[in-house]
Structure formats: C-alpha cells, structure tokens
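Trainee: Just passing along the structure, written as structure tokens.
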Amino acid sequence: MLTAQDLMTINVIAVTKDTAVRELAKIFSDNRISGAPVIDGLGKVVGVVTESDLIFQNKKVHIPTALAILDAFIFLEDPDRMERELRKMAGVTVAEICTVNPITVRQDTPLEEVATLMAEKRIHTLPVLDQDGQLVGVIGKSDLIRMIAEGR
C-alpha cells in the first residue's frame, strides 16, 4: 500500500510568517511551486500559503448587500467576511494571507486517505510530518498526478 512518504516531495521549500508577499511570489515563480508550508522559528508548521492566497490579493472587492429600513442597515451577507477579505487583500507578509492551523498528514498516511483529504477539503498543499511533528515533506496536487501518470 502506498503512503504519503511514497509521493511526498522531500526537498521542501518553506517560508516564515515574516516573509514578504512580493518575496513569496518570487519564491513560487523561481521554484515553480504552487504552495509552501509556513514554519515558526522551531521548524513547526503553523500555516500554509498558496498561489490562491496571492491571487486573492488582486481580486475585486465584494461589498456585501445591505437593505436600508427606517435608517438602519441590515446586511444580507456577513460583514465580518468582507473585513477578513480586505485584510487579506492588503496583506504584505505571509502571516496576513496564509491559512493558519493547516491540515497535515503523517508519513504513514495511506495514499487513498491523502487523495480523499485533498479532494474533499480542497487542499493544494499538504504538509507531511514525522512522529515528532516535524516537517519532513509536502504533497501537492502535482505529486498525486505524477503517481497517476506513473501508473502506481
């Protein structure tokens, strides 16, 4: 049975929360990667940042629909969501645009579980941890596609 260890990339390019967004874009472009784990000073995974997070910064602002009744505004959508989106769009460091507390897998996680997790949770970059919780690899969608192409 194939496991996460069989398909993960071991030469992991990770970034910190202090990495500038512009530097992150260059790292992705230069290394032809679409995501990276975010690590703290001890090497623990604290987040994941992807191309989608970078692209999000360039989207149009969506103003929530509101209804005015008797000098009061009733938002038909969550105004807190708009605030979170605006903060993310204005972010200048990885800390401001990354997903914190990411889903991770262990080295011995079966391939079927990895694929199911990535598909159902719409995960593009999945950090792989050892028994001590240290980052030992990363699985991207391209790793799964490579396994399919190789007929494994």
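Trainee: Does the stretch 59-75 include one or more residues that are modelled with pLDDT of 95 or more and outside any loop (DSSP other than H, G, I, E, B)? Even if it seems obvious, please write down each step before you answer.
Mentor: Narrowing the stretch 59-75 to residues modelled with pLDDT of 95 or more: none.
No, the stretch 59-75 contains no residue that is modelled with pLDDT of 95 or more and outside any loop (DSSP other than H, G, I, E, B).
Trainee: Sticking with this structure for a sec: Hey, among the residues in the stretch 93-117 that are of a type in the set (S, T, N, Q) and in contact with a helix residue (DSSP H, G or I) (Cβ under 7 Å, 6 or more places away or on another chain), which one's nearest to residue 22 (Cα to Cα)? It would help to see each step written out before you state the result.
Mentor: From the stretch 93-117, those of a type in the set (S, T, N, Q) are 93, 99, 101, 104, 107, 109, 116; that's our starting set.
Next cut, in contact with a helix residue (DSSP H, G or I) (Cβ under 7 Å, 6 or more places away or on another chain) only: 93, 107, 109.
On the way: 93: 8, 107: 32, 109: 34 Å.
Checking each candidate, the answer is 93.
Residues are listed down the side, and each one gets a yes or a no for (1) surrounded by fewer than 15 Cβ atoms within 10 Å (Cβ to Cβ); (2) of a type in the set (Lys, Arg); (3) under 13 Å from the mean Cα position of the chain (by Cα):
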| residue | (1), (2), (3) |
| --- | --- |
| 4 | no, no, no |
| 13 | yes, no, no |
| 20 | yes, no, no |
| 30 | yes, no, no |
| 37 | no, no, yes |
| 43 | yes, no, no |
| 47 | no, no, yes |
| 52 | yes, no, yes |
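Trainee: Does the stretch 29-43 contain at least one residue that is at pLDDT below 85 and not in a helix (DSSP H, G or I)? I'd like the intermediate steps shown before the answer.
Mentor: First, the residues of the stretch 29-43 that are at pLDDT below 85: none.
No, the stretch 29-43 has no match at all.
Trainee: Would you pick out the residues in the stretch 91-149 that are in a loop (DSSP other than H, G, I, E, B) and of a type in the set (Gly, Ala, Ser)? Spell out how you get there, then give the answer.
Mentor: In the first step, residues of the stretch 91-149 are kept if they are in a loop (DSSP other than H, G, I, E, B); the result is 91-92, 98, 101-104, 107-109, 121-124, 130-134.
Of everything in the stretch 91-149, those that are in a loop (DSSP other than H, G, I, E, B) and of a type in the set (Gly, Ala, Ser) turn out to be 91, 133.
Trainee: Quick one: what pairs do we get from the stretch 139-152, first residue of a type in the set (Asp, Glu), second surrounded by 13 or more Cβ atoms within 10 Å (Cβ to Cβ), C-beta under 8 Å, 6+ apart or different chains?
Mentor: Pairs that qualify, where the first residue is of a type in the set (Asp, Glu) and the partner is surrounded by 13 or more Cβ atoms within 10 Å (Cβ to Cβ), are 143/7; 143/8; 143/9.
The values are calculated or read from the model by the stated rules, or taken from the named source; none is laboratory data. Fair warning: this is a prediction, and the values are worked out from it, not measured in the lab. As a convention, Cβ positions derive from the backbone with ideal geometry for all residues, glycine included, and neighbour counts pool all protein chains shown.
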